[in-house]
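Right, one structure below, let's go through it.
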Amino acid sequence: MDVIFVPMLSVLLKVIGLYQFLVLVYIILGWLETLNIVNRYNQIVYTIHTFLFRLVEPVLNPIRRFIPNFGGIDVSPLILFFIIYFVQGVIAQILYKFPS
């Protein structure tokens, strides 16, 4: 069982890390658009934003339903980061219990 289980969890840990990086890029891109540093009407920026929006927003929307509004400050990405860190920690502990 360890032959399949450990590599599968290792790949899952890498995929979660990649998703965490994409969430960070989405947040930074949103800040850059808000500060008018990048233009959303640029085709490359629009394509990147649309791609990241389709990956990140379905996860952020359920979080936004449960947290109160803080006067225009969106803390849902921060909560998503905490959830991701928790899941990564759980997977890392499981991998620690089953060394390869």
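Within the stretch 65-100, which residues are at pLDDT below 90, more than 30 Å from ILE4 (Cα to Cα) and not hydrophobic (A, V, I, L, M, F, W, C)?
Result: PRO68, ASN69, GLY71, GLY72, ASP74.
Within the stretch 67-88, is even one residue charged (D, E, K, R) and either over 18 Å from TRP31 (Cβ atoms) or touching a Cys at 6+ places or on another chain (Cβ under 8 Å) (or both)?
no
Could you check, for the stretch 83-90, whether at least one of its residues is assigned to a helix (DSSP H, G or I), in contact (Cβ under 8 Å) with a residue 40 or more places away in the chain and of a type in the set (A, V, I, L, M, F, W, C)?
For the stretch 83-90, residues assigned to a helix (DSSP H, G or I), in contact (Cβ under 8 Å) with a residue 40 or more places away in the chain and of a type in the set (A, V, I, L, M, F, W, C): present.
Filter the stretch 65-82 down to the residues that are surrounded by 14 or more Cβ atoms within 10 Å (Cβ to Cβ), part of a helix (DSSP H, G or I) and not polar (S, T, N, Q) and list them by number.
PRO77, ILE79, LEU80, PHE81
Do we find that GLU33 is closer than 30 Å to ALA92 by Cα, among the acidic types (Asp, Glu) and either modelled with pLDDT of 90 or more or touching a Gly at 6+ places or on another chain (Cβ under 8 Å) (or both) in this structure?
no
The values are calculated or read from the model by the stated rules, or taken from the named source; none is laboratory data. Worth saying up front: this structure is predicted, and the values here are computed from it rather than measured. Reconstructed Cβ throughout: ideal geometry from the backbone, glycine too, with neighbour counts over all protein chains shown.
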